[in-house]
1. Which whole number gives the average count of other chain Cβ atoms within 10 Å of the Cβ atoms across peptide B:340-347?
2. Work through the residues other than B:ASP200 whose Cβ is under 14 Å from its Cβ and net out their charges, Lys, Arg +1 and Asp, Glu -1.
3. Among all the lysines, which ones have a C-alpha under 17 Å from B:LYS158's C-alpha, if same-chain residues fewer than 8 places away are not counted?
4. Hey, for a label at B:ASN81 modelled as a point 7 Å past Cα toward Cβ, could you say which residues of region B:170-213 have their backbone N under 18 Å away?
5. For the protein assembly as shown, compute the orientation-averaged projected area of the C-alpha convex hull (one quarter of its surface), in nm².
6. Kindly provide the helix-only [θ] at 222 nm of chain A, computed as the sum of -39,500 (n - 2.57) over DSSP H runs of four or more divided by all residues, to the nearest 500 deg cm²/dmol?
7. Which value, in debye to the nearest 20, gives the size of the charge dipole of the protein assembly as shown about its Cα centre, when Lys and Arg are +1 and Asp and Glu are -1 at the Cβ?
8. Sort B:PHE115, B:PHE79 by Cβ crowding within 10 Å, fewest neighbours at the top.
Number of protein chains: 2
Amino acid sequence: MTSNPLLEPGATIGILGGGQLGRMLAMAAARLGYRSHIFCPDPDSPAFDVAAAQTVAAYEDTAALDDFAAAVSVVTYEFENVPVDSAFHLDRNVPVRPSPAALYMAQDRRNEKIFLTDRGIAAAAFSAVDSAKAVSAALDKLDAPAILKTRRLGYDGKGQTTVHAANDAEGAWRTIGEARAILERVVPFEREISVVIARDQTGATAAYPPVWNIHENHILKTTRAPAPIPDTLAKEAQAIASRIVETLDYVGVMGVEMFVVNREGELSLAINEMAPRVHNSGHWTLDGAATDQFEQHIRAIAGLPLGSPEMIAPRVEMTNLIGDEANDITALASEAGDCIHLYGKAESRPGRKMGHINRLRWSEDGSAKV
Amino acid sequence: MTSNPLLEPGATIGILGGGQLGRMLAMAAARLGYRSHIFCPDPDSPAFDVAAAQTVAAYEDTAALDDFAAAVSVVTYEFENVPVDSAFHLDRNVPVRPSPAALYMAQDRRNEKIFLTDRGIAAAAFSAVDSAKAVSAALDKLDAPAILKTRRLGYDGKGQTTVHAANDAEGAWRTIGEARAILERVVPFEREISVVIARDQTGATAAYPPVWNIHENHILKTTRAPAPIPDTLAKEAQAIASRIVETLDYVGVMGVEMFVVNREGELSLAINEMAPRVHNSGHWTLDGAATDQFEQHIRAIAGLPLGSPEMIAPRVEMTNLIGDEANDITALASEAGDCIHLYGKAESRPGRKMGHINRLRWSEDGSAKV
């Protein structure tokens with residue numbers, strides 16, 4: 001459904017997915033006077049604790065989806081792995097933002113790559129592959145090493161593996177579960193940055209400054225805002241993100257990951273991937289920007305004007321708390337400008353994101369003094 | 001109960017009262033990884049929408065209180081009009097923070113006045129009165145005009161009226177519902193300020209800078225941080241607030257309202273009243289301080305160390321949205337650094353606090369640029 005007037009205060013926003021992103025979306029909705037209804041198959045979803053209503057059902061349960069659609073004024077999602085058929089099903093009865101079409105494009109790496117290359121937006125060279133033999137053949141074209149990634153359902157390094165030589169092809173194909181995939185040329189990048197951008201229903205956009213993302217074990221560990229890159233490159237990164245959301249007639253927040261490539265001193269950008277949702281690399285905005293990404297997303301889907309993406313401190317660093325790192329929160333955030341966010345997950349497991357800390361800093365030496 | 005170890009992440013905090021203060025406490029608890037259980041007689045409580053569990057029952061319902069105590073790890077309250085007997089009842093089975101004794105003192109204006117004057121802390125002169133005749137007699141001692149205030153259950157100018165002369169006594173007594181009251185000398189103050197202060201279980205305190213409160217129709221309209229007062233007076237205000245919470249062995253956040261009295265250029269302070277809870281004049285901290293008052297309160301009652309009360313912008317202004325002022329939120333918060341907070345109340349009524357806006361400002365001319 002495309003009609004979407006301004007959501008009245010007190011209206012209910014439906015959110016597919018009950019993880020930490022859904023939880024932080026629900027809290028942003030509450031700050032703006034809205035109720036949230038979370039739909040998630042997991043009865044232990046962290047977002048349930050801060051929502052006015054909950055549905056525990058499979059994403060494919062059309063009866064449950066219909067009840068959900070009837071109970072809410074707009075539907076959004078916290079992650080791109082919601083079945084696209086469910087999004088299209090819901091959209092017959094209630095506006096779904098971002099649109100199911102954007103979800104369809106972004107949840108499949110091959111579709112995403114084609115979308116980008118058709119529009120002349122730089123991304124790593126790739127081939128679609130659907131067998132070990134195809135992996136081996138594609139490797140001839142792309143130069144080893146290359147990265148084999150499932151087309152769907154990958155995150156935090158899951159569903160991907162590096163292929164060093166043609167005789168790795170069989171093993172790599174098994175490693176990713178023999179799922180339809182792409183083989184992607186390794187981009188020799190200097191750093192990974194991302195642009196989190198919001199677009200509202202009038203077409204207005206608001207891009208946060210590009211940030212620098214540092215990974216450990218394929219999981220985002222630290223985001224530094226702003227990214228230490230030249231201003232012209234930062235503007236180019238924001239312009240690329242704007243072009244993507246405009247082309248898709250996108251409504252909501254999107255995270256666009258990019259590589260900064262350094263060819264003999266000449267810097268350029270290549271898209272790594274797009275996430276049609278609020279993004280881990282935007283968590284710093286909860287404390288470090290005038291309007292945070294979660295509120296920005298709610299504003300966009302509710303028909304409110306976007307807030308300002310300006311930073312409210314010169315430097316902000318976000319650190320994910322992974323596994324048992326969240327156990328001693330008293331020691332973690334001791335300085336003025338250290339802001340704790342925990343997700344209320346019952347069980348800490350290795351590699352599981354349990355929370356994050358935002359550190360606002362006002363001076364070059366990292367002190368917190370305003 | 002006095003035992004109160006560090007609350008583990010995922011533990012449940014019980015909150016008596018389901019209004020906007022309970023709502024913002026519940027959201028702060030969620031950010032720290034805790035669950036909230038709200039106890040409130042009103043089935044339409046705004047705090048219910050962001051809490052993991054809800055009890056709708058009268059505060060005097062001891063069976064419901066016992067179930068509540070069994071379901072939570074610590075109990076706190078959002079307002080001082082919780083029946084003190086209920087707080088003492090709960091405290092037999094679960095820690096109640098701030099203590100029922102602090103609640104007992106602060107919920108009765110006469111007790112509060114005696115507490116302050118016994119400790120030599122300046123407050124307006126007063127007499128306890130329990131009849132129209134007593135009002136008339138007290139007026140002789142205090143000089144007209146004086147303010148007649150019910151000892152209990154007053155807020156936002158409710159339960160009080162001005163007595164201009166002895167022959168007003170009968171009418172004034174009826175106006176306040178013939179309830180036990182105090183008659184208070186009018187303090188010719190220059191401005192009202194307040195100090196919001198937190199104290200944790202180790203006795204550490206963190207006072208926010210004093211702020212200037214501007215009322216309209218007896219309701220707080222605007223708070224400006226910091227208050228435009230000399231630094232020595234600001235420090236004195238914080239010292240008085242510290243002394244109060246230390247004397248009470250208080251755990252949690254308290255709001256202390258004070259008058260700035262100007263006697264021929266000499267500035268001094270007189271306590272207006274104390275609120276044993278998070279305070280409307282502390283709402284600016286949600287966006288304008290390193291740690292906001294709601295998180296500070298949760299940290300204190302959960303056994304976490306306090307966060308920093310430092311301002312993160314040089315100037316912050318909080319404006320309450322009262323009655324239908326919240327209807328057009330798109331127009332209200334248009335500049336970078338304007339942060340909207342709505343309470344999700346179903347019905348807007350004249351005089352009802354529906355939300356507030358925090359405006360962060362970095363320059364003298366009021367611009368929002370960082």
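1. Mean shielding by partner chains, rounded to a whole number: 5.
2. 0
3. Here the lysines satisfying the reach criterion relative to B:LYS158 are B:LYS149, B:LYS221, B:LYS353.
4. B:175-182
5. Projected area, direction-averaged: 33.3 nm².
6. Result for chain A: -7500 deg cm²/dmol, rounded to the nearest 500.
7. The calculated dipole for the protein assembly as shown is roughly 160 debye.
8. By the 10 Å Cβ count, ascending: B:PHE79, B:PHE115.
Read the figures in this text as sums done on the coordinates, not as results from a lab. Just so it is clear, the structure is predicted and the values come from calculations on it, not from any experiment. Here Cβ is always computed from backbone atoms with ideal geometry, including for glycine, and neighbour counts include all displayed protein chains.
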